[in-house]
Amino acid sequence: MGWRRGVAVLALGLAVTGCSGDPGEGAVRESAPPVIVPGGPGEPARTLSGAPSSGVRPSAAPSEADRAYVQMMIAHHQQAVEMTALAPERAADAQVRGLAARIGAAQGPEITAMRGWLERNGLGSGSGGHDHAAMPGMATPEQMAALRAATGGEFDRQFLRLMIAHHEGAVSMATDLLTKGVDVFAQEMAQDVIATQTAEIKRMRAMLGG
C-alpha cells in the first residue's frame, strides 16, 4: 500500500490577482504549477490547479468569503490531521488505518497550499481569529480527549463517527463558499472538498455498518 506513504508534490505558484494598476496582475500566471494530492487505492491522484479550468475567467481579488473560508478550512484540516495521526497506534481495523493515512496525506499538503494562497494575497498565513469551535463538524476538546484515550474497536468507532461529522462540516462550508466566493483557487478547493469528502463519508458509513 505505497499510497499510504505517498508524499504530495507541493508547488505553490497559485493563481492570484491584484487590485493595483499593474495590467499583468489580472492574469493567471502561466507558470503556476499544481498541488498534486495522492489518491486512495486504485484511484488517481487529485490535482489542485494553480490556474482556472478552461473557459473560466480569472477571478477578481479574493472576497471576504474566500479569505474566511480558507482561514477556517486550515483549522478544520489541522484537526483532521491531528485525528488521523492517532490511528496508526490505536486503530484495530486496517481499513480505518488506511483511511486515516489517506486523509492525513491529502489534507497536510492542502493546508500548505491554503497558507501559500493567504500569503500570496497578503492575508497572513494562519487561521485568523475565527471561533474554531463554532465551525461545522469540529470535534470538541472532550471528544478529542476521548479519542486519544480509546484503542482498538472503540477507537475505530469513535474515529469514524467524528470524521464523518468532520467531513460533513467541511462539505457544508465548501458548499456555502461556492455561492459566496469569487477566487478561482478557493472555488477549486471547495469543489474538491465536496467531491472527495462526500465519497469518504459514504465509505466511512459503510465501515460503520450503515
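Worth a mention:
- Residue check for MET114: surrounded by 22 or more Cβ atoms within 10 Å (Cβ to Cβ), within 19 Å of VAL70 (Cβ to Cβ) and hydrophobic (A, V, I, L, M, F, W, C): yes
- Neighbours by Cβ (under 9 Å, 6+ apart or cross-chain): first from the range 125-151, within 22 Å of ARG115 (Cβ to Cβ); second at pLDDT below 70: MET138/HIS132
- Wholly enclosed helices (runs of 4 or more DSSP H) of the range 109-210 bearing at least 3 residues closer than 29 Å to SER63 by Cα: 152-180, 184-207
- Out of GLN95, GLN107, sole residue that is of a type outside the set (Ser, Thr, Tyr) and within 15 Å of ALA75 (Cα to Cα): GLN107
- THR175 vs. criteria among the β-branched types (Val, Ile, Thr) and either within 23 Å of ALA85 (Cα to Cα) or touching an Asp or Glu at 6+ places or on another chain (Cβ under 7 Å) (or both): no
- Inside the range 177-198, residues that are touching a Pro at 6+ places or on another chain (Cβ under 9 Å), surrounded by fewer than 23 Cβ atoms within 10 Å (Cβ to Cβ) and of a type in the set (Asp, Glu) make up a count of 1.
The values are calculated or read from the model by the stated rules, or taken from the named source; none is laboratory data. Everything quoted here is computed from the prediction, not taken from an experiment. Note that each Cβ is placed from the backbone with ideal geometry, even for glycine, and that neighbours are counted across all protein chains shown.
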